[in-house]
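**Q** One structure coming up, written as structure tokens, with questions to follow.
The values are calculated or read from the model by the stated rules, or taken from the named source; none is laboratory data. Because the structure is a prediction, the values reported are computed rather than measured. Using ideal geometry, Cβ is built from the backbone for each residue, glycine included, and neighbour counts are taken over all protein chains shown. Just the protein is used for accessible areas: all its heavy atoms, side chains included, with ligands, DNA and RNA removed. Shrake-Rupley method; radii C 1.70, N 1.55, O 1.52, S 1.80 Å.
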Amino acid sequence: MAKVKTAYFCQNCGAQYAKWVGQCSSCKQWNTVVEELVQKEEKQGWKSSSNTAKKVSKPLRVHEISTDKETRLNTFDLEFNRVLGGGLVPGALVLLGGEPGVGKSTLLLQIALKLPYTTLYVSGEESQKQIKMRADRIHPNSENCYILTETKTQNIFRQIEATDPDIVVIDSIQTLHSDYIESAAGSISQIRECTAELIKFAKETNTPVILIGHITKDGSIAGPKILEHMVDTVLQFEGDRNYVYRILRSLKNRFGSTAELGIYEMQGGGLRQVNNPSEILISKNDEKLSGTAIASTIEGMRPLMIEIQALVSTAVYGTPQRSTTGYNAKRLNMLLAVLEKRAGFKLGAKDVFLNITGGISVDDPAIDLAVIAAILSSNEDIHIEKGVCFAAEVGLAGEIRPVQRVDQRIIEAEKLGFTEIYVSKNNKIGLKNTKIQIHRCSRIEDVVSDLFG
Ligand code: TYD
Ligand code: MG
């Protein structure tokens, strides 16, 4: 038995110390340093084959580097491909984070089941039977997906050698443990060690590895921050558990843009890809309801029409309530102050509730004008005509400001059958031959008189 050693690790950044300190000197956080068991020993994670181990790299001029066309593995899931930037890059390590129950395991199992390549799905959280039950609901007849329930990395590598998979999925990195570190699974040193072993395996065999990562209370991925530095791509799966829509975002991507976004709908038989999100986010009732307005927003690279609902009512208590779902409450307060000051609306004694339908959250400032229109529509109890939508930011002086990529927003609105759109006067519009009527406004007063007379 080798001598047991301990060291101190910062839970925030992963820095290592020989003795306890109150403040981590590398990330400056207080009380994040804890003691963990480590055992330094000759380690044998993924065994490098002898020729790769001996390969010494030497500097090359940029034009000398061979550029064989980068081949990406198609995941046969349009949304997942889009977020990755066109598919999985061989040898890439992808980390997928998200709240418990949002559907991380479902998403990856579903992709693994439908792939025509050999996939090894390693689960440390569920038994083979439980996974089989889930698989039966999603895609019962899968030929190429192997399920392994194992948490020890050395055993996982042994199985990898036996099955020789094209893609490996690990659910989740926090459940893995390596024999060469003595601390508990999920601790900083274990996560770091297991990830390092998997990176070594991925890079040497050119096999893409997808890891599932738990997130902490404040929404960041549990484990050291360096975990995010170590992997090539960090994806986040988010969505309100009470709603069916889920959004897949990329937070870091070494092989593509981080602006892309994937949208799914959680159904009884797994996740359905949503290729035209605007249609589902707008309610299709024909009643003329006051308090709703449609905004043309851009999420990632995709234009998206969303519905904003506002309810303005007389405050019962002294302090009026302001509550939002899917929208920044501070921004709402700012817009209410602008309305009060610039448009003479006395909203100080009113409760204001704002909701973005579909359970998605939006921080695009281009929905400001629609928010204002929804609030006023509820306050005046006058509905906004069905074919009307908005795409503009509102400034503190009550001016209507231009937004980026307005052409794309107008095209999306027109595609979905809208007949009128309100934008800023200062927005340059390059479109010709549009059927949609474009109102170009400079102040909120103009919009108010136009809509509510
Ligand atoms: P899961 O993938 O287990 O979440 P995570 O791994 O992120 O913790 O997803 C669990 C939720 O998904 C669960 O609340 C039920 C729901 N679900 C469906 O609605 N339909 C399905 O076909 C499956 C497999 C799950
Ligand atoms: Mg899970």
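**Q** Which entries of Lys284/Lys386; Lys288/Lys350; Lys386/Lys415; Lys386/Lys432; Lys415/Lys435; Lys284/Lys330 show an alpha-carbon separation above 19 angstrom in the structure shown? Show your work: numbers first, answer last.
**A** On the way: Lys284/Lys386 10 Å; Lys288/Lys350 23 Å; Lys386/Lys415 15 Å; Lys386/Lys432 24 Å; Lys415/Lys435 10 Å; Lys284/Lys330 30 Å.
Among Lys284/Lys386; Lys288/Lys350; Lys386/Lys415; Lys386/Lys432; Lys415/Lys435; Lys284/Lys330, the Cα-Cα distance tops 19 Å for Lys288/Lys350; Lys386/Lys432; Lys284/Lys330.
**Q** Next up: Rounding to the nearest 20 debye, state how big the charge dipole of the chain is about its Cα centre with +1 on each Lys and Arg Cβ and -1 on each Asp and Glu Cβ. Kindly include the intermediate steps, with their values, before the conclusion.
**A** Details: 54 positive and 53 negative charges, 210 e Å.
Dipole of the chain, to the nearest 20 debye: 1000 debye.
**Q** Within segment 343-436, which GluC sites (Glu not before Pro) sit in a loop by DSSP and count at most 12 neighbouring Cβ atoms inside 10 Å? Before the final figure, lay out each step's value.
**A** On the way: sites: Glu380, Glu385, Glu393, Glu399, Glu412, Glu414, Glu420; in loops: Glu385.
Filter output for segment 343-436: Glu385.
**Q** Please list log₁₀ I(q)/I(0) at q = 0.10, 0.13, 0.14 Å⁻¹ for segment 73-275, using the Debye equation with identical point scatterers on the alpha-carbon positions.
**A** Debye intensities relative to I(0), on a log10 scale: -0.37, -0.65, -0.76.
**Q** Separation between the Lys225 and Tyr117 pseudo-spin-labels, each 7 Å from Cα along Cα→Cβ, expressed in nm?
**A** Each label point is offset 7 Å from its Cα along the Cβ direction, giving 3.3 nm.
**Q** Tell me which lysines have Cα within less than 27 Å of Lys5's Cα, excluding those fewer than 8 residues away on the same chain?
**A** Lys19, Lys28, Lys40, Lys43, Lys47, Lys152, Lys200, Lys225
**Q** Could I ask something else about it? Just to confirm my understanding: which cysteines in the chain have no other cysteine beta carbon less than 4.7 Å from their beta carbon?
**A** Unpaired cysteines in the chain: Cys145, Cys194, Cys389, Cys441.
**Q** Here is a follow-up. Straight-line reach only, C-alpha to C-alpha below 18 angstrom: list the aspartates and glutamates that Lys203 could link to, leaving out same-chain residues fewer than 8 apart.
**A** Asp68, Glu70, Glu161, Asp164, Asp166, Glu193, Glu228, Asp232
**Q** Follow-up question, since we're still on this one. To the nearest 10 degrees, how steep is helix 406-415 against the longest Cα principal axis of the chain, on a 0 to 90 scale?
**A** That works out to roughly 80 degrees.
**Q** Roll a 1.4 angstrom probe over the protein heavy atoms and tell me the percent of accessible area of the chain that is carbon or sulfur. Intermediate results must be reported in sequence, preceding the final value.
**A** On the way: 11120 of 22260 Å².
Carbon-and-sulfur percentage of accessible area, whole number: 50.
**Q** Could you state the angle between the C-alpha long axis of helix 128-138 and the longest principal axis of the C-alpha atoms of the chain, as a value from 0 to 90 degrees rounded to the nearest 10?
**A** 40 degrees
**Q** Right, here's the next one. Viscosity 1.567 mPa s, temperature 4 °C: give me the Stokes-Einstein translational D for the chain in µm²/s, with Rh taken as the Kirkwood radius over C-alpha pairs.
**A** Working: Rh = 25.0 Å.
Taking Rh from Cα pairs, D becomes 52 µm²/s.
**Q** Averaged per residue, what accessible area in Å² does the chain show with a 1.4 Å probe, protein chains only? Write down the numbers at each step before the final one.
**A** On the way: 22260 Å² over 453 residues.
Heavy-atom SASA per residue in the chain reads 49 Å².
**Q** Report, to the nearest 10°, how far helix 188-205 tilts away from the longest principal axis of the Cα atoms in the chain, using its own Cα long axis and a range of 0 to 90°.
**A** The angle comes out near 80 degrees.
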